[in-house]
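Encoded as C-alpha cells, the structure appears first; notes follow it.
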4 protein chains.
Amino acid sequence: MIIVLKSDVTQNQIDHITEKIKSLGLTPMISKGVEKSIIGVIGEEDILRSQPLEVFPGIEKVIPILAPYKLVSREFKSEDTVIDIKGVCIGGKKVVNIAGPCAVESYEQLKSIAEAIKKAGSVVLRGGAFKPRTSPYSFQGLGEEGLKILRRVGDELNMVIVTEIMDARDLVLIEKYADIIQIGARNMQNFTLLREVGLSKKPVLLKRGISATIKEFLMAAEYILSGGNFQVMLCERGIRTFETETRFTLDINAISVIKQKSHLPVIVDPSHGTGKWNLVAAAARASIAAGADGLMIEVHNSPEDASSDGEQSLVPEKYIELVQTLRSVAKAVGRDL
Amino acid sequence: MIIVLKSDVTQNQIDHITEKIKSLGLTPMISKGVEKSIIGVIGEEDILRSQPLEVFPGIEKVIPILAPYKLVSREFKSEDTVIDIKGVCIGGKKVVNIAGPCAVESYEQLKSIAEAIKKAGSVVLRGGAFKPRTSPYSFQGLGEEGLKILRRVGDELNMVIVTEIMDARDLVLIEKYADIIQIGARNMQNFTLLREVGLSKKPVLLKRGISATIKEFLMAAEYILSGGNFQVMLCERGIRTFETETRFTLDINAISVIKQKSHLPVIVDPSHGTGKWNLVAAAARASIAAGADGLMIEVHNSPEDASSDGEQSLVPEKYIELVQTLRSVAKAVGRDL
Amino acid sequence: MIIVLKSDVTQNQIDHITEKIKSLGLTPMISKGVEKSIIGVIGEEDILRSQPLEVFPGIEKVIPILAPYKLVSREFKSEDTVIDIKGVCIGGKKVVNIAGPCAVESYEQLKSIAEAIKKAGSVVLRGGAFKPRTSPYSFQGLGEEGLKILRRVGDELNMVIVTEIMDARDLVLIEKYADIIQIGARNMQNFTLLREVGLSKKPVLLKRGISATIKEFLMAAEYILSGGNFQVMLCERGIRTFETETRFTLDINAISVIKQKSHLPVIVDPSHGTGKWNLVAAAARASIAAGADGLMIEVHNSPEDASSDGEQSLVPEKYIELVQTLRSVAKAVGRDL
Amino acid sequence: MIIVLKSDVTQNQIDHITEKIKSLGLTPMISKGVEKSIIGVIGEEDILRSQPLEVFPGIEKVIPILAPYKLVSREFKSEDTVIDIKGVCIGGKKVVNIAGPCAVESYEQLKSIAEAIKKAGSVVLRGGAFKPRTSPYSFQGLGEEGLKILRRVGDELNMVIVTEIMDARDLVLIEKYADIIQIGARNMQNFTLLREVGLSKKPVLLKRGISATIKEFLMAAEYILSGGNFQVMLCERGIRTFETETRFTLDINAISVIKQKSHLPVIVDPSHGTGKWNLVAAAARASIAAGADGLMIEVHNSPEDASSDGEQSLVPEKYIELVQTLRSVAKAVGRDL
C-alpha cells in the first residue's frame, strides 16, 4: 500500500497516520520526494485495505499494490484449473461448446434442440428453468418442471446440464437436477447467492455483471472459492457501453486479461455478447481465436416462437455449420474442439 | 409497435409477418415509403413486445412506441405519490433528509450519530445491518443485532428507520424492525427480491443499479408495484462511467427525467454518487436544486474508524452545517426542508 | 513514480531497471514487501512519465504519483483565476450567464434573441458562425458573415461575444470579431488548435470532450496555458454514458473536482448536457448549486425553426424566468448573479 | 420518420405539425393507436431530419427510419469496396497487415523495423511524423523530416506508406510523401479535416473516435465520400468504457456490424485496442477470426527506448511469430494473409 501525502501535509498529520499504521501491526516507510512525500506500508496489505485512509487529514490518495483477490489468482495457483464434469473437461486443451435454448419450454422443444446440438458434437446442454426478466409481465420460466425436463433430456442423450439459479432458496432443488449451476450477470454481486454456491459441491458457471470490472468479476469468484468450491468457470458475456448497435459490447480483451490473472477457465457467451443472431458466429470465432476455453451459445429450433431471446438464437443448422468453422479456428490456435 | 422492413423484403415475407400479427389479435397497417416500408401495429403493444420479431425474415428492426412500464408511469397516475411513514411525508413539498452511518457498528456509535442528525432537523435514520461487500474478507454487518440497535435508537429518538435487505429469506426479520426497506444497487434486478418486497406492506427505497438505464430502473420499480406495494421511493446514487476521479458519476439529469416519467418520489444519495466526503456537499445542494424529494447521506462520528465507507462519510458537524445551506437551496427552488 | 515489480522478478531485471532510472538522472529506492517489491523513484517525475517502463521485464505496473498537469493546477496557483473581459469578470463571486442561439442565422434573429437575453441581465452572447455537424448534409453556419452579425449585435447592445473556432486557419478572422474564442468538445484534443489559441491574446472557453476524463480535460487546458495564454475557462457539457434518455450525462461532480484541482473558472452548458429544453432549467439550477462560475445556455426565439439544436433551446421568456430562479439559487450558495 | 404524439395531444397541435410537414413537401399519415397516435411521414427523410421536431407541442418523440448515411452504406453499393494501392489490395480476400513504429524516430530505427516487417510478409508500413500527444511536454514527432524517412524506407523496401495528418494545412505535404493518409481517433469528428481529405486523391484510413458510435463513425466516413474520395478504410481501435485493466475495450462486434452496414474495408488496431503488448496477439487473432480485412500493429525494435507507445509495441520477433498464427486463423475463416 502506498499513501501519497498532500504537498502541505504537517508533521502532526504524518505522525497521526504512522501511529494508525503501527497500531495495525504494519510498518510505515516514509519517503520524501521532490514535490510530494509518500508512505510505503510493509506488511499484510489486506489489513489496511478496509481502513478508510482517505479521510485522514494530510492524505491525498491511497494506492493498493496487490490485487484484492487471492484464491482465484495465478499467483496462488499457477497452472490452469481443469474442471471435470462426468468426463467433460473444461479448461484443458479441448474447447467446450455449451449450447441450448434460453428457456426450457417443453420436453419436445428441448429434446429436438439437444439432438441437433449433440449432432454437432457438443455435449453440454444449457436451458433456463428460472428466468430473470426485465419486465414482471414476461414469461418467467417453467420452474421445477423445467428442471425435470432438462434432467430427462440430459440423461437420455448423455449430456451434461447447466441451468441458472436466481434464489438461494432454490439451491437444493437445482443441485438435485443440474450438473453445473449458473449464476447470471444480474446476480454477480448477489453475495448471499455467491456464499451459498461456495458451499455447494457442484461446479459453478459465473457470468460477468454487465458493468463489472474484471477485478470485481474476480472478487465475485473469490467469494465462491473462499467458501470451499474451487470449481468455477468465468463467463464473459458482454459489457454495457455507449454503443447501441449491439445489445452489449463483447469484451474480447477480457479473455486474455483473465487468463493472465487467474487460473480459472474462461467461457464466452456470444449470444448475449452481441444480442443479434447474425453477429453470433463472428463473435464465437473471435472468442476461440482469443483463447476462450469454451462457448455458450443460444440455439432454438424456432426462434420466431421462442419465449425469450429468440432474436439472438441460432437455428440448429446454423449452429452445426458454425461448429465446423470453430473447429478450424481452434486448430489454428493450437486447441481442439 | 413499428416494424421497419428491409429494402429487399418479399411479398411472401410480408404475408408471413402480417399473419403472425393477426394471430395475436392485433391489426397490421402497411405503409410503403420511398426507400423502405413499415408495418404499424394497432392493439395492445405488450402482446408483441415479448415476440422475437427481429428473427422474422424481411424485418430490419422493431421500434416500440410505448414505455414498457405502466403502474409507475405519470400516465397511469398524474399526481405525485406522497408516502407517509409515521407522519414523515416523502414526495411532498418538504424535502426529506435521510442520514446515518453506512453500517451499524454499536449502540453507542449509532446513538451518538443519530442525535447529531436529529439536531440538524433530520428524522429518518439509515444504517446497514447486512452489508453487501465487494470482498468476502470485509466486514459484513452485525445482522439481527444491528437491526435491534437500529430499532432501539429509532424508538428512543422517535426517528424513522431505513435498512437494506440482501436476501429474501430475511424479509420477515427486517419487516419486524425497519420502517423502510432498502434494496441496494446490486440487487436492483434481483427479481426474486423485488417480487417479495412487492408483497410487503412496508415502504421500499429502491436504489438504481450502477449501470441501469432509467427505463430499467422504472421496470424494477414496476415489479414492486405490480405485486401490490405502491409505496416505492426511487434513489439515484450514481452510475458507472469512464471517469475515475469520482467513484461514480451522479446522474443529476435522472432526477428530472424520472419526475417527468413517473409519479414516485426521487431520493438522491450523494455519498455513493461521489464516493468522496469532500464532494458530498456540492452534490447534495445540486440534487435539491434539480428537484430531488430527498437526500440520503452517510454520516459517521469517526470516519477514520468506520468499518465501511468512511471515505465518503461526513462528520456530524459538517452534516449540520450542510443542512443549513440545503435549507436555503430548497427555499430558492420553492421547497421546504 | 512507483514501480511495482513482479513476484518472480530476478536480480538481473532489477539491475536493468535501476540502471535505466539512474541513466535519466533519477534515484531508485527499492523497498521489499511481504509479497511484492517496489521501486520508488526520486526526482522529476516528468522525465520518467514518457518512458515505456511497462515493457521492461520484471515490471508489473507503473504508478505515477503526481498529476501530469502543472500550470492549470491549484498547486501552481492557489487562488482562483478571474478573467476580465471588457469589465465582465468570470471566476469571481458573480456567476455569469452566457446565452444565445446555437447558430447565427440572421441579424434580425440574433438581435431579437440578444435583446431578450440582455433584458434578463446577461451580458455575454454566444452564437456559432462555423458549426461542427455530424452530417455533411446539415447546415454548417454562415461563416464570416455570421461573425460580422455577432460583432454588430454585440456592439449595439454592449455585450461580450463568444464564438467557436473549428480550424486553426480561421484564428485571425475569429480574433478580429470575437471577445472569447470557444473550442468545442470534438476539438478538445485537436492539439494543433490548442497550440494556436495558446498563442492568442484572447480568452478561451474550452469545452470538455464527451469522453474526456477530467485529467485529459486539464491536460488540454495545459496545452493552452503552456503556450502563454492563461485566460482559459473550462466548460463541462455532459459526457457520453450508456443512458439514452438524455443526449449526454451532465457530470455535476466534475464542477467540484475541477475547482479542487485547478484555479481556472468552470462554466456549465446545461443545453448540451441534457439535450432537451425541458431538462435545461433543472440542470442549470443544479450547476450553480454545485459551484459553477457560469452557465452557457442556448436560447432561440423560434426553436421550431432553428437551423440547429432547436430541441435543446429555450425560448426567451423561459430563459428570463429561469434567470430569476438562478439568482435565488446563487444567493443560497453565497454567490451573486 | 415516425412521430409519436403525446397522449394528451390536441387537434390544434396535430394540425400545426401536419402543416409543417406539408410545407416541406412531405406527406403526413396519421394513425390512431389504442394508447397513442403516431404520424408517419412519407418522402425524403433527410428533409425532416434537420428539423427540431421535438420542440413542437404535442410531440413525444421522433423516430428516424433510415440511416443518416448514404454513400457508405451497403444499400448504396452492395459489393465490397477493394482499394488498390500500388498493387496492394485492401478489402479483398487477402487480409492485409499494416505494421511499424508509433513514431518515426530515425532512418536507422525505421529501416530496421521495416525490414523485419517485410520479412514477416507485410508490405504496408506505418509510422507517425506528426504525433497527437495528451501532454504538451511529450515528443511531438519529427515533422517533415519523419515523412522523408518514411518515404525513403518505403521506396527502398518497396512498401506502401501510411502516416497521420493532424492539421489540414499539412495536407499537401503529407500527400507528397504518403500513400495512405491516416486520420486519428481524436480527429474523427474534425470535420474541417474530413472535408479536406475528401478532396484528396489519396486513400484514407479513418480511425474510430474512442467514444464514437458506429453510426457516427460511418457519418464521419460519409463526410469523406461526399467530397468525392471513395477510397476509405475504417479502423476499429477500441472504445472507452469503464474497464481499466486495458487502455481501451476493443469492440470486436463492430467489425461485423460495419461489414453488414457498409461496403468499406475494416481494419483493426489491436495495439491501441488493448494498450498492452502482451494482449496484442490475442486481439489480433480474434479480429481476423471476426472478419477484419486488415490489422494495424505497432512494432518497435526496442520498445524500452521508444519515444511513444512502447508499452503496446511488439518486438520484431514477436511480430513475425504472430503473423504465422494469423495466417492459420485467416485460412480457418476462408481468407488468405
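Just so it is clear, none of the values below were taken in a lab; they were calculated from the coordinates. Just so it is clear, the structure is predicted and the values come from calculations on it, not from any experiment. No Cβ is skipped: glycine too gets one built from the backbone with ideal geometry, and neighbour counts run over all protein chains shown.
Could you tell me the center-to-center distance, by alpha carbons, between segment D:156-229 and segment D:277-337 in angstrom? Distance between centres, Cα-based: 23 Å. When all C-alpha to C-alpha distances in segment A:59-145 are sorted into bins of 10 Å, what percent of pairs does each bin hold, rounded to whole numbers? That works out to 13, 26, 25, 21, 11, 4, 0, in percent per bin. Both the radius of gyration and Dmax for segment C:287-327 are 11.7, 34 Å, in that order, over alpha-carbon atoms. Ordering A:Ala114, A:Tyr137, A:Val104 by Cα displacement along the dipole of segment A:100-195 toward the positive end leaves A:Tyr137 in first place; charges were set at the Cβ atoms of Lys, Arg (+1) and Asp, Glu (-1). Could you check how many percent of all C-alpha pairs in segment C:93-134 are farther apart than 16 Å? Every Cα pair in segment C:93-134 considered, those over 16 Å come to 39 percent. Each DSSP beta bridge with both residues in the protein assembly as shown is either parallel or antiparallel, and the antiparallel ones are about 40%.
Cross-link partners for D:Lys94 among the aspartates and glutamates, with Cα-Cα distance under 15 Å and sequence neighbours closer than 8 places in the same chain left out: D:Asp80, D:Asp84, D:Asp293, D:Asp336. So which lysines pass the test for B:Lys148, namely a Cα distance under 26 Å, with those fewer than 8 places away in the same chain ruled out? Straight-distance partners of B:Lys148: B:Lys86, B:Lys111, B:Lys118, B:Lys119, B:Lys131, B:Lys176, B:Lys201, B:Lys202, B:Lys207. Mean partner shielding of peptide D:199-211, defined as the number of other chain Cβ atoms within 10 Å of each residue Cβ, is 2.
Sequentially through segment B:130-140, phi angles give Karplus couplings (6.51, -1.76, 1.60; θ = phi - 60°) of 10, 10, x, 10, 4, 9, x, 9, 8, 4, 10 Hz, Gly and Pro residues having no value and appearing as x. Once the C-beta distance of D:Lys70 and A:Arg49 is scaled by a Förster radius of 45 Å, the resulting FRET efficiency is 0.25 to the nearest 0.05.
Placing a label point 7 Å from Cα along the Cα-to-Cβ axis, A:Gly334 is separated from the same position in the other copies by 2.9, 6.4, 6.9 nm, shortest listed first.
Structural descriptor for chain B: relative contact order 16 percent, calculated from alpha carbon pairs under 8 angstrom and at least 6 residues apart. When you restrict to C-alpha pairs under 8 Å that are six or more residues apart and normalise by the size of segment D:62-155, the relative contact order lands at 23 percent.
Between amide H atoms placed 1.01 Å from N, distances below 5 Å from A:Ser73 occur with no residue 5 or more places distant or on a separate chain. Label-point spacing for A:Lys22 across the identical copies (point 7 Å from Cα in the Cβ direction), in nm and ascending order: 3.4, 8.8, 8.8.
Take the Cα of C:Glu60, step 7 Å toward its Cβ, do the same at B:Asn278, and the gap between the two points is 2.9 nm. Among the residues of B:77-88, the average count of other protein chain beta-carbon atoms within 10 Å of the residue beta-carbon is 0.
Of all DSSP-defined beta bridges confined to segment A:1-158, some 85% are antiparallel rather than parallel.
Taking the Cβ-Cβ separation of C:Ser78 and B:Lys94 as r and a Förster radius of 35 Å, what is the calculated FRET efficiency to the nearest 0.05?
0.30
Per residue of peptide C:233-246, the mean number of Cβ atoms on other chains within 10 Å of the residue Cβ is 6. Over all other residues within a Cβ to Cβ distance under 10 Å of D:Arg74, the charged ones net out to 0, with Lys and Arg as +1 and Asp and Glu as -1. Site pair D:Asp305 and B:Leu173 shows an inter-label distance of 6.5 nm when each label is modelled 7 Å from Cα along Cα→Cβ. Loop-located trypsin sites (Lys or Arg not before Pro) across segment D:150-231 with a Cβ neighbour count of 12 or fewer within 10 Å are D:Lys201, with loop assigned by DSSP. Helical runs assigned H by DSSP (4 residues or longer) give the protein assembly as shown a calculated mean residue ellipticity at 222 nm of -10500 deg cm²/dmol, each run adding -39500 (n - 2.57) before division by the residue total.
Of all DSSP-defined beta bridges confined to chain C, some 40% are antiparallel rather than parallel. Listed here are the pairs A:Lys61/A:Lys215; A:Lys259/D:Lys261; A:Lys61/C:Lys261; which of them are more than 24 Å apart at the Cα? Over 24 Å Cα-Cα: A:Lys259/D:Lys261. In this calculation the C-beta distance from C:Lys22 to D:Phe139 is compared with R0 = 25 Å, giving a FRET efficiency of 0.70. Over segment A:159-286, Cα pairs under 8 Å with separation of 6+ residues give a relative contact order of 18 percent. Grab the other residues whose beta carbon is less than 12 angstrom from that of D:Lys36, score K and R as +1, D and E as -1, and report the net. So the surrounding residues net to -2. Ranked by the mean number of other Cβ atoms within 10 Å of their residues, highest first, the peptides A:109-118, B:252-261, B:15-24 fall in the order B:252-261, A:109-118, B:15-24. Ranked by the mean number of other Cβ atoms within 10 Å per residue, highest first, peptides C:34-45, A:288-299 order as A:288-299, C:34-45. Whole-Hz Karplus values for segment D:51-67 come out as 8, x, 4, 4, 8, 5, x, x, 9, 8, 7, 10, 10, x, 9, 9, 5 Hz, taken residue by residue from phi with 6.51 cos²θ - 1.76 cosθ + 1.60 and θ = phi - 60°; glycine and proline positions read x.
Rg over Rh for segment C:2-63 works out to 0.92, both radii taken from alpha-carbon positions and Rh defined as the Kirkwood radius. Computed from the C-alpha gyration tensor, the three semi-axes of the ellipsoid equivalent to segment D:83-332 are 23, 22, 19 Å, from longest to shortest. Calculated over the protein assembly as shown, the projected area of the Cα convex hull averaged across directions stands at 45.3 nm².
When Rg and the Kirkwood radius Rh are both evaluated on Cα atoms of segment B:210-337, their ratio Rg/Rh stands at 0.99.
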